[in-house]
């Protein structure tokens, strides 16, 4: 899942709400054999539809001692046979041995079984255990055949040879940008993962630098597990480097592709001091051409309590929206330009004012999107 | 260029005889202006043509000069399991420096091929034609023949391609719909229809442009190992009956083949003779083979044009009376879009073969309606029951499809088809109503009756599943690494029903046993080794478990196979 979608961020105090909402969301050599040449399965010609059909009634006929081993039907001509009035009701095929019958050159071409009545035949007790009791004539299996069929591979498994879920790794700068703001601001958002299809270890980081110091910076170490076709559960820790003293959070959230292809990320954080934070991010990709792509993004941040030391306010603290236009020189390498708007709310806005920071602010950005 | 691919005599030169030596190694090739290492046999790409006679017992010594393991699988050849060339089932593979001796008796005739079953060597050039001449005089008469082996070459390391697809499944699709396309659609169809359409695809989080996972962005399409510009040429004399043996040895590419100015009479499919059917064009799935007869006369040169199904590029060759000639190369057809009907989501008869009037949607499944509820993850009770036998099995009626429980809530399953049908008479995406007579599976009929004759004693239904975005592929939502073998009893006759729950087309190949394709009513039609499964189809075939052993059963799209769309079929002795 690449980051290529418009982000639309709503704010939810607890991601629990999001969590609740989102996921709920050969032997036959017949290949050359035309039937005329090599008729097989003579029993079939007798019209037994399917062994799964049924019921056998063997009344009084007893073929127990029949020996077909030496029968030769080569020159049989069934052309003019008329089975119309056959009655199979009382046949007993229980112990027939068809093992070595040779019907090689029988010609059933013009047999007419049209009006045979098998309705009351009961094959229930026929022994089809040996394959040659019906269907193609399979040669008896020898030990050499068995050895050839199941060679001793000394424990080698096909799965060892063909790993359909190999460990892969990816690293991406979704954003690495210069921002047109006082003090040469720069911002980044990176993600890296290593793992298999459904379980991965993630390192996510984002931050901003301006005037030579870190405005804010955080890194998350998460384990992801795909629990739904479109959603991964993310569990781990987050570390804030700035602003203020460093701070650690437990993180739990989801990320995935919402309907209409909104790439979405929602995470709730719990700090040691009992504070709760939540972040929601959504992005979208609008293809102007297959290389020129407009990417709207929305991100919201919320806190349970105001933290004056860090300048964050209770409730919806910050809303950010961005519009970036990138050109994919290669899939993995795309320069972009864009415009980012952000606004602070509630206590957060007051704290911003108190620090002489803007409550609302829009800026041009230019950067690179790179992944491998 | 291997000997068979050089223009020449009436029959392409081949390695023949009862003992053959093959050496697998690397070779520097340049198809794009950059030199790359291909994996080749006896220093040629494609590998040399092997030509045997039905009934012969052949010994083939394969030496591995690579630094990695290798193997050769004889595609479509019926042989003992330990000669099948699948590492982990048949043998250990051929280690570097080792020689493995294959020995088997040919009990069939026709056009086949061979390729590596190790890693991604197939993508790197390890494939070649294998022809078995019938012991009796060939019922297919021809004055001359050529092998046309189609393939896809990439300069990239196939492991990189696989990793890229896992990270960004749309990596190779540079033809997704844009804002400009939306504006054009609004002009043509109005706001309502356009928004509806975008809403549907958006709700599924899919793209109707998804026709090939890997395309011309990285592929160069080859005919007999030659680029379109290189123009491989096969000779003919006017008035001759020329047999063309087409083999699709691609890793990932379906080709639509035609020869402007010539009718093609299809006489064999997957090596097995069929009742002749004359067409203008045919689609050849990966690993399939088709033999056609053409009778060129009146022109000195004809173009054999094989465009990729996604219309990103083509392979090209020429039939000519002498070397150095060329005929016009047609433009690529317009790039088709998938429709909801293609994927078996009800719909409006968009898949009817030749301009049949649009039919009403099957009851309750109006084209679009209802799809949302069927989107993956919306596990509904009815999907939890995996009905092995369905009342509507294969009768062409669009009955509501049930799905195995293992697909429900499965993170590796992004779609389930609702009303799949066999659609044997469908030329396929991008070939409908193109003004040409296009071969369909419904046209294929073996020149022999059902070689077994028994009714299947049981039915196994398997769903082709996957997730485009995650790029995982599987049967019934279970990838090979997690799957149990399918167990067949030696001698039994069974029916396999495949249901395509994905939006991609999958050529499904069963090793060791034939796949006897049935029509919509369950009657035998044609014997094949690879059965193509377009999206939204439900197709069935009969299998006689007449070969003991462990057999590979998989999608022949290389990256789908390696991403898990693979099963072991184990034929064992057992009691009834």
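The values are calculated or read from the model by the stated rules, or taken from the named source; none is laboratory data. No experiment lies behind these values; they were computed from the predicted model shown. Here the Cβ positions follow ideal geometry from the backbone for every residue, glycine too, while neighbour counts run over all protein chains shown.
Observations, loosely collected:
- Test result for residue B:563, crowded, with 24+ Cβ neighbours inside 10 Å, within 19 Å of the chain's Cα centre (by Cα), over 20 Å from residue B:427 (Cα atoms) and within 11 Å of chain A (Cβ to nearest Cβ): yes
- Considering B:286, B:257, B:214, the condition of being modelled with pLDDT of 95 or more, assigned to a strand (DSSP E or B) and surrounded by 16 or more Cβ atoms within 10 Å (Cβ to Cβ) is satisfied by B:257 alone.
- Among the residues making up the range B:166-186, a single one is in contact with a helix residue (DSSP H, G or I) (Cβ under 6 Å, 6 or more places away or on another chain) and farther than 18 Å from residue B:201 by Cβ: B:171.
- From A:325, A:294, A:302, residue being away from chain B (no Cβ under 14 Å) and either buried (at least 22 other Cβ atoms within 10 Å of the Cβ) or in a strand (DSSP E or B) (or both): A:302
- Residue B:28 touching a strand residue (DSSP E or B) at 6+ places or on another chain (Cβ under 7 Å) and exposed (fewer than 14 other Cβ atoms within 10 Å of the Cβ): yes
- Restricting A:205, A:170, A:197 to residues that are in contact with a helix residue (DSSP H, G or I) (Cβ under 9 Å, 6 or more places away or on another chain) and part of a strand (DSSP E or B) narrows the list to A:170.
- Unique match (being under 20 Å from residue B:123 (Cα atoms) and away from every other protein chain (no Cβ under 14 Å)) among B:507, B:535: B:507
- Test result for residue B:163, modelled with pLDDT under 95, within 14 Å of chain A (Cβ to nearest Cβ), more than 30 Å from residue B:317 (Cβ to Cβ) and surrounded by fewer than 20 Cβ atoms within 10 Å (Cβ to Cβ): no
- Scoring residue B:125 on the criteria (1) touching a helix residue (DSSP H, G or I) at 6+ places or on another chain (Cβ under 6 Å); (2) under 30 Å from residue B:232 (Cα atoms) leaves a single failure, condition (1).
- Screening A:160, A:232 for residues that are out of contact with any strand residue (DSSP E or B) (no Cβ under 7 Å at 6 or more places or on another chain) and within 14 Å of chain B (Cβ to nearest Cβ) leaves exactly one candidate, A:160.
- Members of the range A:142-161 found to be within 16 Å of residue B:86 (Cβ to Cβ), exposed (fewer than 14 other Cβ atoms within 10 Å of the Cβ) and modelled with pLDDT of 90 or more, listed by number: A:152
- Qualifying residue in the range A:337-355 (condition: at pLDDT 95 or above, closer than 30 Å to residue B:201 by Cβ, under 37 Å from the mean Cα position of the chain (by Cα) and within 14 Å of chain B (Cβ to nearest Cβ)): no
- Of all residues in the range B:80-104, those satisfying the criterion of being touching a helix residue (DSSP H, G or I) at 6+ places or on another chain (Cβ under 9 Å), within 19 Å of residue A:144 (Cβ to Cβ) and either modelled with pLDDT under 95 or not in a strand (DSSP E or B) (or both) are B:80, B:81, B:82, B:83, B:89, B:90.
- Selected residue [at pLDDT 95 or above, within 30 Å of residue B:183 (Cβ to Cβ) and touching a strand residue (DSSP E or B) at 6+ places or on another chain (Cβ under 6 Å)] from A:295, A:255: A:295
- Whichever residue in the range B:112-135 is part of a strand (DSSP E or B), within 12 Å of chain A (Cβ to nearest Cβ) and crowded, with 23+ Cβ neighbours inside 10 Å and, among such residues, is nearest to the chain's Cα centre (by Cα): B:112
- Of all the listed residues (B:471, B:490, B:553), the sole one being surrounded by fewer than 22 Cβ atoms within 10 Å (Cβ to Cβ) and within 13 Å of chain A (Cβ to nearest Cβ) is B:490.
- Members of the range B:217-240 found to be assigned to a loop (DSSP other than H, G, I, E, B) and in contact with a strand residue (DSSP E or B) (Cβ under 7 Å, 6 or more places away or on another chain), listed by number: B:218, B:224, B:227, B:228, B:231, B:236, B:240
- Residue B:145 being in contact with a helix residue (DSSP H, G or I) (Cβ under 9 Å, 6 or more places away or on another chain) and either part of a strand (DSSP E or B) or more than 10 Å from chain A (Cβ to nearest Cβ) (or both): no
- Residue that is surrounded by the fewest Cβ atoms within 10 Å (Cβ to Cβ), among those in the range B:421-459 that are away from chain A (no Cβ under 14 Å) and farther than 27 Å from residue B:312 by Cα: B:442
- Qualifying residue in the range B:187-200 (condition: surrounded by fewer than 19 Cβ atoms within 10 Å (Cβ to Cβ), modelled with pLDDT of 95 or more and not in a helix (DSSP H, G or I)): no
- Count - residues of the range A:170-191 that are farther than 17 Å from residue A:328 by Cβ and either crowded, with 16+ Cβ neighbours inside 10 Å or modelled with pLDDT of 95 or more (or both): 11
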